[in-house]
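Just so it is clear, none of the values below were taken in a lab; they were calculated from the coordinates. These figures come from a predicted structure and were not determined experimentally. Virtual Cβ from ideal backbone geometry, glycine too; neighbours counted across all protein chains shown.
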Amino acid sequence: MSTQAKLGSALVGVLLLAVLLGLAWMPFDPNAIDLDHLLAAPSAHHWFGTDEFGRDVLSRAMLGARISVLIALGAVALAIAAGTTLGLLAGYLRGWTDRVLMMVTDAVLAFPSILLALALIAVLGSSDSSIVFALATGYTPSVVRVVRSAVLSIREREFIEASRVAGDNAFQTMTWHVLPNIVPPVVVLATSLFGWALLSESALSFLGVGVPPPAPTWGNMLSASRTYMDVASWLSIAPGLCIAGTLLGINLLGDALRDWLDPRGRT
Amino acid sequence: MLAYIAKRLLLTLPTLLLVSVGVFLFIRLIPGDPALVMLGDGADAASLAGLRADLGLDRPLPVQYVTWLGHAVRGDLGRSIFSGEPVGTLILQHFGLTAVVVLTAVTFATLVAIAAGLIAAWRQNSKVDLAIVGAATVVLAVPSFWLGLLLLLLFGVKLGWLPFVGYVPFSESAAQAALFLVMPIVTLTITESGVLTRMMRASSLDVLHLDYVTHARAKGLPESTVLIRHVFPNAFAPTLTLVGLTLGHLLGGVAVIETVFTLPGLGRLMVDSVLARDYPVVQGCLLFTAVVYVLVNLLVDLCYPIFDPRVTAR
């Protein structure tokens, strides 16, 4: 395993550990207000310090990790499911299905994913499920494109022809013979989308249109920290470190995964 | 060349039309009566009817679309529910600031990426390469709003070198305005240079191994000439596409950076309108952003042949 892959696994491991540990135990109740320890600096008692309500920042970061990971997983799963289905149809059926789907994906891609998410949240209201849906809508076109181009290169191969000759209908050929062969690029894409989704969710929460307080996410913790920047700088540092460390881990792991699954793309 | 330009122009039309349909349908996605949602439960029947007529909600959908598109093409995007100002005017007021920040930052980021990417590829696997790739990887992982906060914390709060809350328009004092823009531009430059550097390095590596580069070296050309005259133009073409995509998306507003540095840009306008449920403004921003994106990418495509003349032949 390369150094990058090791570092990536370690960082993602820390994230998963924080999420799993948080299910069973957290140092403090993440929403417990402690008026005796408002804006306390990091100490042996509160490793990441406390916020303006005396809430433990480490516990909130742990709960925030769970919320962010679940939202990102949901968005990626939805985008992959929808994008793979549409990409398969476009690439395998070609013709008008393909042309119409490509035009729609081009149109959706013309909107920056964060603005598209903002607009959808404006319509759907701010909730966990609308964030998942809004992010997934923005990511689906890129999945469609990747799947479609993978399908295009596979559909001309002999085993697909063999499946058709053997009497399989289009649905059977697609699910049994095309789908298994497009897994590698989809896995690589899913990894980077997961990173994007985490980042976008943080950005939306930072902007005040994501997960509403008091539920903590790294993004809304950073947003709240701005008011106390001059007296409690740790509030601006801990959640950001969590986001950056997680993204770094996912990116490194994604790069390693791509090199492993597609040695030709190695740079 | 003319045929190429014409073909590219024609290809953007269906995308633009579809974008307009999507943006038009956006307001119809709101559950319930859009007029009631916009004005709130306290609205009286007369103003509800007025807004419905304004939005044309009482006519068939295709008629509404054609009317709406006709107005939009002429720059009439309706009025803000809250301020009553024309949406087009609001967008243009906010776009100038976003454009200044984004264009400056993307220019800097591109220059940084070209230099760093070329050098890293040229000295592949050396310490310099490792440092550049490492820095680009870290930069990719740092969210722009956190980087912005850290700069704010260091140069604004701790050192007090730069102003960090509020903004002075250029028309009042250009020097003051520039001071307010230093940190946002630096933040965006750093954030955007990561992915561009990786792209430039990868495409330079591809080009460096080609025969014509070996030939240029064999002629005895100095390395700097080989890199600048021979490697750069070919390696830059894919990066240029990425610059276009980046620019297209960022011009729609760098909402998070504008929020960190309290700048009244297009992204902030969109976020504030979302929070205030000012749907005509959200709709206008969406349409404007998508059109800018399509046009910027068209422009980049048209610039492409300068770096790679083979494109027009295809």
Point to revise | Options A:HIS45, A:LEU11, A:THR85, ranked by Cα towards positive dipole end of the stretch A:1-122, top entry (Cβ charges) | key: A:THR85
Point to revise | Relative exposure of A:VAL76, B:VAL21, judged by other C-beta atoms within 10 Å (fewest first) | key: B:VAL21, A:VAL76
Study note, to complete from the structure: In nm, the gap between the two label points placed 7 Å beyond Cα toward Cβ at B:LEU150 and A:GLU156 is 4.7
Check your understanding: Is chain A best put as rounded, prolate or oblate by its Cα gyration tensor, with a ≥ b ≥ c the root eigenvalues, rounded for a/c under 1.5, and otherwise prolate when a/b is larger than b/c, oblate when not?
Key -> prolate
Practice item. Please give every one of the aspartates and glutamates within straight-line cross-link reach of B:LYS7, meaning a C-alpha to C-alpha distance under 15 Å, and leave out same-chain neighbours fewer than 8 residues apart. Key: B:ASP301
Study note, to complete from the structure: So A:THR227 and A:VAL14, fully extended at 0.36 nm per residue minus their Cα-Cα distance, gain in nm 73.8 nm
Check your understanding: Pulled fully out, how much extra length does the chain show between A:ASP29 and A:VAL183, if you take 0.36 nm times their separation in residues and subtract their Cα-Cα distance?
Key -> 51.3 nm
**Study point:** Tilt relative to chain B, helix B:279-307 - C-alpha long axis, 0 to 90 degrees, to 10
**Key:** 30
Review point. Any idea what angle helix A:95-109 forms with the longest principal axis of chain A, computed on alpha-carbon atoms, 0 to 90 degrees, nearest 10?
Key: 20
**Study point:** Per-bin percent of Cα-Cα distances, the stretch A:165-222 [10 Å]
**Key:** 21, 26, 19, 17, 14, 5
Exercise for review: Give, in nm to one decimal, the length gained when the segment between A:TRP260 and A:GLN172 is fully stretched (0.36 nm per residue of separation minus the Cα-Cα distance).
Suggested key: 28.8 nm
Practice item. Output the relative contact order of the stretch B:63-186, whole-number percent, from Cα pairs under 8 angstrom with separation of 6+ residues. Key: 16
Review point. What is the dipole size for the stretch A:88-239, taken about its Cα centre, with +1 at each Lys and Arg Cβ and -1 at each Asp and Glu Cβ, in debye to the nearest 20?
Key: 200
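Let a ≥ b ≥ c be the square roots of the eigenvalues of the Cα gyration tensor of chain B; is it rounded (a/c under 1.5), or, if not, prolate (a/b larger than b/c) or oblate?
Note, shape of chain B comes out oblate.
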Revision key, fill the gap. Computed over all unlike Cα pairs, the Kirkwood hydrodynamic radius of the protein assembly as shown in Å stands at 25.9
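Kindly state, to the nearest 0.05, the FRET efficiency for A:VAL100 paired with B:LEU57, given R0 = 25 Å and r defined as their beta-carbon distance.
Efficiency, from the Cβ-Cβ distance: 0.35.
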Point to revise | Relative contact order %, chain A, counting alpha carbon pairs below 8 Å whose residues are six or more apart | key: 25
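In percent, how large is the relative contact order of chain B, given Cα pairs closer than 8 Å and 6 or more residues apart?
25
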Check your understanding: So what J values fall out for the stretch A:162-175 if you push phi through Karplus, 6.51 cos²θ - 1.76 cosθ + 1.60 with θ = phi - 60°, rounded to Hz, Gly and Pro as x?
Key -> 4, 4, 5, 4, 5, x, 5, 7, 4, 4, 5, 4, 5, 6
Check your understanding: Each residue of the stretch A:183-189 in order: what ³J(HN,Hα) in whole Hz does its phi give by Karplus 6.51 cos²θ - 1.76 cosθ + 1.60, θ = phi - 60°, with x for Gly and Pro?
Key -> 4, x, x, 5, 5, 4, 5
Check your understanding: Once amide H atoms are placed 1.01 Å from N in the peptide plane, what residues at a sequence separation of 5 or more from B:ARG79, or on another chain, have their amide H within under 5 Å of its amide H?
Key -> B:VAL87
Check your understanding: Which value, in debye to the nearest 20, describes the size of the charge dipole of the stretch B:90-206 about its Cα centre when Lys and Arg Cβ atoms bear +1, Asp and Glu Cβ atoms bear -1, and nothing else is charged?
Key -> 280
Practice item. Let me know the charge dipole size of the protein assembly as shown about its Cα centre in debye, to the nearest 20, where only the beta-carbon of Lys, Arg (+1) and Asp, Glu (-1) is charged. Key: 1720
Study note, to complete from the structure: So the angle from the long Cα axis of helix B:2-26 to the longest Cα principal axis of chain B, reported in degrees to the nearest 10, equals 40
**Study point:** Gyration tensor (alpha-carbon) shape descriptor, the stretch B:204-314, a/c threshold 1.5
**Key:** prolate
Check your understanding: Which listed residue (B:THR187, B:ILE306, A:SER130) has the Cα farthest towards the positive end of the charge dipole for the protein assembly as shown, taking +1 on Lys and Arg C-beta and -1 on Asp and Glu C-beta about the Cα centre?
Key -> B:ILE306
